[in-house]
Every structure is written in structure tokens, then in C-alpha cells.
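**Student:** Could you have a look at this structure, given as C-alpha cells, before my questions?
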Amino acid sequence: MNNWIALIDLPAGTDGVHGGKNPWHLQALRITPAGDHGHWWEANATEPDRGLTVFRDENDQVCRIVLVSSEPFESAALTYNLNARVFGSPTLWPLAHRPQSREGKSFGWVWTFDEESPFPFR
């Protein structure tokens, strides 16, 4: 089983529930290599597909994705055929855009999780 970390950066005025005029950025990174632990491994990028870039390791397994989108997270997951787990828990999304604590500021969050097949795509 592989471990992953997702990093989401949201510009001011954008959230994962409604989207927004400014694009948000998502990176999902596999933090355990295939085989031995504790070393660098090569990540080869595919051509971006409307904002999604997929990186594969030497065994052709996905080891990183980078997504730039203005859609709500659920819509983006459908558009790009992504497993919704890369976006973290939907129950936390409303906390991401509380106006009293986030108004006018860019912010982000980090989500860690274990891989479930198929991943990162549905």
C-alpha cells in the first residue's frame, strides 16, 4: 500500500465548494516509492490535459498529479476522473471558506491518506 499527501492552495475568494474566479492548485504526491524506501526516484510528466499533469515513476505508476482548476472540487473530480479522496474529506470543505477567518487571504491545507485502488483515478 502506498501513502499519499495532497496539498491544496486556494487563492482569496475561491473555495472547494463553489469554485471561484481564481484557479486553485492541487498536488497529490505518493510519499512511498515502489520498492525500497528513502531514496529519490524519477518522475516523468505527461502532457497536461486541460490543467491536469500526471507524473509517473520508472515502473509507469502514478507518483504525482498537479491540477489547476476553478471548478468546485466535486466537479473537478468528475471532469478529470479523479478519485475524490485526493481532495480530502468533503466534511472539512466548509471550514476552508469561513469568511470570518479567511476573508481576503489566500490559504491552503494538507491531507494525508493511504492509497485505495484504483488511485488516483476512478
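**Student:** Using 7 Å Cα-to-Cβ label points, what is the residue 12/residue 79 separation (nm, one decimal)?
**Tutor:** Result: 2.4 nm between the two label points.
**Student:** With a 10 Å Cβ neighbour count serving as the proxy for reagent exposure, in which order, fewest first, do 14, 46 appear?
**Tutor:** 46, 14
**Student:** Still on this structure, I have one more. On full extension of the chain, what length is gained from residue 25 through residue 44, given 0.36 nm per residue of separation minus the C-alpha to C-alpha distance? Each step should come with its number before you reach the end.
**Tutor:** On the way: separation 19, 0.36 × 19 = 6.84 nm, distance 1.94 nm.
Computed gain between residue 25 and residue 44 is 4.9 nm.
Each value in this text was obtained by applying a stated rule to the coordinates, not by laboratory testing. Not measured: the values here are computed from a predicted model. Positions of Cβ are backbone-derived with ideal geometry, glycine not excepted, and every protein chain shown enters the neighbour counts.
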